[in-house]
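The values are calculated or read from the model by the stated rules, or taken from the named source; none is laboratory data. On a predicted model such as this, the values are computed, not experimentally measured, just so you know. For neighbour counting, all protein chains shown are included, and Cβ atoms are generated from backbone atoms with ideal geometry for every residue, glycine included. Heads up: the accessible areas ignore ligands, DNA and RNA and are worked out on the full protein's heavy atoms, side chains in. Shrake-Rupley method; radii C 1.70, N 1.55, O 1.52, S 1.80 Å.
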Amino acid sequence: MADNSPDIIQPRILGARLREAREAKGWTQQQLADRLKLARTTVVAIEKGERRLKPAEIVEITSVLGLDVSEVLQRGAPIEELAAQLRGNLPPSPLAGELLPHIGEFQHLCEDYARLEELHQAPLRRRFPPEYDIQGVDPDLAAEDVAAAERRRLDLGEGPLVRLREILEGDIGIRIFQLELPFEVAGMFVFAEPLGACMAVNLRHSAEKRRESLAHELGHFLTARHRAEITVEGRFDRVPARERFAQSFARAFLMPAAGLRRRFLGIERDRHRGLTYSELYRLAHFYVVSLEAMTRRLEELRLIPSGSWERLQRERLSASEAQQPRRVGPVGTDDDIFPSRYVALAIEAWEAAELSEGQLARFLRTDRLGVRERIDRLVESLTRGTDQGEPFGFGQPLFGSTRR
């Protein structure tokens, strides 16, 4: 492991990490200075890397900021561009200050993911397509075309995408986390080297809503990869073309026209009364989307009359139901902050003694009891239906190396 002692680490890198931690807490430089009983100019010098810190000072500052000293010294240089891009796209509202800590945590999670890959020499494989050019094209028509093209490229067929998060990570190479963001925020997307494409969606939203947000952010990635996005609901009085595209793309990607039309016509053939309220729920459940998303998609395809969602709100849904994304029934929901690959890499690194148990707890944002519970759950999932106990090793090759 690299030597990251206080005498080796560059003051500029250390200062940048401490600045990020301060901003993640929402503190000003003066507030941190007051807690450390220092002048604000001293904090400024530390964050700029103009003042080298002694080991005792590092311990004190990290303690005040709630950081683990070893992890601060071991993590690679901060990816300045990621957080800077997102901060530059914050909407001009009180929401901006509330979002800053979440942006900082998002960056740290992405950096931690890259750190785990570095330990295993297992970078996330990228299958990025060239950016789709939608300039001068009707956003709704472009969305249909791009969604169909991506489904063909990824060989996804015309059915529902139940494991969407895994598809975007494994088949495209996008890092995805789920964070408890302010409720108005649906998701964030940013592209910054060396991390590549990174997304976060709101864990406070329903599973169906999170899937729609993932597809929405994917639309931004496919057409404007180097433009960071923070999707805030109700942000625009007049929706710009890029947002119209992303909204339409999400529905077209999750509910492809040909497959949905065929299923809808089958319902009409089998039921003389046509689409019923219960059949609409079943369709939404089948595609793992909200009732609103399914209704609006059927309107787009002219399979039901325009304005059906508004009519449904008036006649069938209570006020509270109409305001929230409607859950359509039990699905295999994924409520984890981390991608499953991230968790597996972290536990493998701990097992190989690349991480201590305390460091593993930090990577998994839990305590040591939580770590043991994580490992037990992984063991149970790997050995379910077998007579084995704990596997021989999480990271051990199954059949030995196949490389020559």
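At a glance:
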{"quantity": "³J(HN,Hα), Karplus 6.51/-1.76/1.60, whole Hz, each residue of the range 182-191, x for Gly, Pro", "calculated": "x, 4, 6, 8, 8, x, 9, 9, 8, 10"}
{"quantity": "Karplus-derived HN-Hα couplings along the range 202-213 (A = 6.51, B = -1.76, C = 1.60, θ = phi - 60°), whole Hz, x at Gly and Pro", "calculated": "7, 5, 7, 8, 5, 4, 5, 5, 5, 5, 5, 5"}
{"quantity": "Span per principal axis, largest first, for the Cα atoms of the range 111-170 (Å)", "calculated": "45, 28, 16"}
{"quantity": "For His220, solvent-accessible area (1.4 Å; no DNA, RNA or ligand), Å²", "calculated": "10 Å²"}
{"quantity": "Hz values of 3J(HN,Hα) by residue in the range 238-247 - Karplus curve (6.51, -1.76, 1.60), Gly and Pro given as x", "calculated": "10, 5, x, 4, 5, 6, 4, 4, 4, 5"}
{"quantity": "Trypsin sites (Lys or Arg not before Pro) within the range 203-264: DSSP coil, no more than 13 neighbouring Cβ in 10 Å", "calculated": "Arg238"}
